[in-house]
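The values are calculated or read from the model by the stated rules, or taken from the named source; none is laboratory data. Owing to the predicted nature of the structure, the values given are computational and were not obtained by experimental measurement. All Cβ positions, even for glycine, are placed from backbone atoms using ideal geometry, and neighbour counts span all protein chains on display. Only protein heavy atoms, including side chains, enter the accessible area calculation; ligands, DNA and RNA are left aside. Shrake-Rupley method; radii C 1.70, N 1.55, O 1.52, S 1.80 Å.
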Amino acid sequence: MSEDSITLNLRDIRQGAGLSLSRAAEVTGVSKAMLGQIERGESSPTIATLWKIAKGFHLPLSALIGEAAAPDLAASGERLFRSVQFPGSIAVKMVFPFDPALAAETFHVSLRPGQCHLSQPHDSGVTEEVFVLEGAMEVLRGDDWVALDTGQALRFAADQPHGYRSGDSGAAFLNMHHYRRVASRG
């Protein structure tokens, strides 16, 4: 993962909002020290920390990791996105970066055999869709784990705690995030 892009994205977002590190810490719930370390490239943030930052700034995750998973062009001219492996956590590959017209972004997520990933609530109104590409997995929705096999899907409110865990052979799934649209005033 390229921490340089996360560093630059976070700094640009914070400065663009006109916030000091102290105020950004209040807004995101991430300490001023940690935000400073991320901005200086001294710390590799976890996906949980990045989600807290994204939620605090009311931004999609791809706003922070966008360049880290920027497309390369294959010999055929197709867009290929690199995976972002979060230390001790899941691997995420951006499929479709955030599209403001759709208020959505899509990721390809890989889980190792028996891996469990718990996620804190995202911003208010965020909905997730999971479509299993390979393997078997479960999705924590509310207080229940919902079993899904290859080819099955689930939609749920992601502004509550949720999670994913794979079976014995691991799993891969598409994870679509749909953000609440803010009505424009004219």
All positions within segment 134-186 that are part of a loop (DSSP other than H, G, I, E, B) and of a type in the set (Phe, Trp, Tyr):
TYR179
By residue number, the members of segment 141-186 that are open to solvent by 30 Å² or more (accessible area, probe 1.4 Å), over 18 Å from MET94 (Cβ atoms) and in contact (Cβ under 8 Å) with a residue 24 or more places away in the chain are ALA153, ARG155, ALA157, ASP159, GLN160, PRO161, ARG165, ASP168, SER169, ARG180, ARG181
Wholly inside segment 1-41, helices (runs of 4 or more DSSP H) that include 2 or more residues that are under 25 Å from PRO121 (Cβ atoms) and without any contact (Cβ under 8 Å) to a residue 24 or more places away in the chain are 21-28, 32-39
Answer with yes or no whether HIS122 is outside any strand (DSSP E or B) and crowded, with 16+ Cβ neighbours inside 10 Å.
yes
Among (1) under 26 Å from GLY29 (Cβ atoms); (2) open to solvent by less than 60 Å² (accessible area, probe 1.4 Å), there is one condition CYS116 misses while meeting the rest; what is its number?
(2)
Given the residues GLU134, GLU129, which is the only one that is under 17 Å from HIS178 (Cα atoms), surrounded by 14 or more Cβ atoms within 10 Å (Cβ to Cβ) and free of Cβ contacts under 8 Å to residues at least 60 places away in the same chain?
GLU129
Tell me, which residue of segment 42-54 that is part of a loop (DSSP other than H, G, I, E, B) and touching a helix residue (DSSP H, G or I) at 6+ places or on another chain (Cβ under 7 Å) is farthest from VAL92 (Cα to Cα)?
SER43
Long-range neighbours under 8 Å by Cβ, at least six apart or interchain, first residue open to solvent by less than 70 Å² (accessible area, probe 1.4 Å) within segment 90-101, second among the charged types (D, E, K, R):
MET94/GLU105; PRO97/GLU105; PHE98/GLU105; ASP99/GLU105
Taking segment 28-50, which residues are open to solvent by less than 50 Å² (accessible area, probe 1.4 Å) and either touching a strand residue (DSSP E or B) at 6+ places or on another chain (Cβ under 7 Å) or among the aliphatic types (A, V, I, L, M) (or both)?
VAL30, LEU35, ILE38, ILE47, LEU50
Out of (1) in a helix (DSSP H, G or I); (2) farther than 20 Å from PHE86 by Cα, the odd one out for ALA63 is which?
(2)
Those residues of segment 84-135 which are over 23 Å from GLN152 (Cβ atoms) and polar (S, T, N, Q), in sequence order
GLN85, SER89, GLN120, SER124
Evaluation of GLY66 against (1) modelled with pLDDT under 85; (2) buried (at least 20 other Cβ atoms within 10 Å of the Cβ); (3) in contact with a Pro (Cβ under 7 Å, 6 or more places away or on another chain) (one fails), failing number
(2)
